[in-house]
Amino acid sequence: MAAKMAVVTGASSGIGAASARALAAEGWHVVVGARRMDRLEALAEEIGGTALPLDVTDAASVATFCDAIPACDLLLNNAGGALGTASIAESDDDEWQRMWEMNVMGTLRVTRALLPKLIESGDGQVITIGSIAAREPYRGGGGYNASKHAVAALTRVLRIELLGQPVRVSEIDPGMVETEFSVVRFGGDEAKAAKVYEGCTPMQAQDIAEAVAWVASRPSHVNIDQILMLARDQTSAQVVHRE
Ligand code: NAP
């Protein structure tokens, strides 16, 4: 029997790459998308998947990506991230717009384009990586909070609108995970990014990937609606125990 097809956006690093590996290990054929093709191609070779270029902020790129995928049983909406930690008073329009495009419009475009194939599969699944920032506003979180709250709203509306169709919709909201997330957020400043994880034990990408694989492997009649996953050392967005 042909392997079921999973599509993972933002698979060139962090949670996306780990999830692609975890799904492949469970027998899925995984199509991995992102902008950094060198990394994607190495990953696709490692897991026996397919690498395709994808910029979720570019409607034409999303259309080309989705058209190249013959069938889709599972979509993992993972591409995204945060830019900066400016207060609302000091906020930067460009950062807000880029986060909105990457997190909200990106998720919307890819989901909408793959929906007919997910329905056609007869047993489709959409899993979206949200964030604790989708549930809890925090100081300096402005644009990221707004965009991840919107991603959560989109995901929950989709779940309602697909009632009666053979497609499940799930949201996994992680707290602190040690990936390239903070390096990107701080514009490449590795020392500043390292401070985020200093003195505590954050989750690793693999931890979230295991949750993705678990959600993906529930029986068809079970929909895991939402999961909030935090490190033991974190109880809310800005409450972290450090040694
Ligand atoms: P990461 O290591 O920085 O990975 C982000 C991924 O998104 C990369 O593969 C990147 O690939 C891709 N991406 C960014 N912009 C893109 C675009 N325009 N088009 C296509 N792909 C794009 O960070 P991560 O922690 O794994 O983040 C994955 C998801 O988890 C994000 O949605 C993030 O908001 C969420 N999250 C992370 C944390 C955390 O603490 N790490 C917590 C909660 C939620 P390219 O740059 O190659 O395109």
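The values are calculated or read from the model by the stated rules, or taken from the named source; none is laboratory data. For clarity, every value in this text was computed on a predicted model and none was experimentally measured. Glycine also receives a Cβ, built like all others from the backbone with ideal geometry; neighbour counts cover every protein chain displayed.
The table that follows gives values for the structure above.
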read-out	value
Breaking point among (1) within 23 Å of Phe65 (Cα to Cα); (2) not in a loop (DSSP other than H, G, I, E, B); (3) not aliphatic (A, V, I, L, M), for Asp173	(1)
Enumeration of residues in the stretch 1-13 that are within 10 Å of the ligand (Cβ to nearest atom) and without any contact (Cβ under 8 Å) to a residue 40 or more places away in the chain	Ser12
Hits in the stretch 198-213 (condition: crowded, with 18+ Cβ neighbours inside 10 Å and in contact with a strand residue (DSSP E or B) (Cβ under 7 Å, 6 or more places away or on another chain))	Pro202, Met203, Ala205, Ile208, Ala211, Val212
Residue match in the stretch 3-14 (condition: closer than 21 Å to Glu101 by Cα and either modelled with pLDDT under 95 or part of a helix (DSSP H, G or I) (or both))	yes
Members of the stretch 127-144 that are part of a helix (DSSP H, G or I) and under 15 Å from the mean Cα position of the chain (by Cα)	Ile132, Ala133, Ala134, Tyr144
Selected residue (only one of Pro202, Pro219 is more than 14 Å from the chain's Cα centre (by Cα) and away from the ligand (no atom under 14 Å from the Cβ))	Pro219
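Listed here are the residues, each with its yes/no results for (1) among the hydroxyl-bearing types (Ser, Thr, Tyr); (2) near the ligand (Cβ under 8 Å from one of its atoms); (3) without any contact (Cβ under 8 Å) to a residue 60 or more places away in the chain.
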| site | (1), (2), (3) |
| --- | --- |
| Ile15 | no, yes, no |
| Gly27 | no, no, yes |
| Val32 | no, no, yes |
| Arg36 | no, yes, yes |
| Arg39 | no, yes, yes |
| Ala44 | no, no, yes |
| Ala51 | no, no, yes |
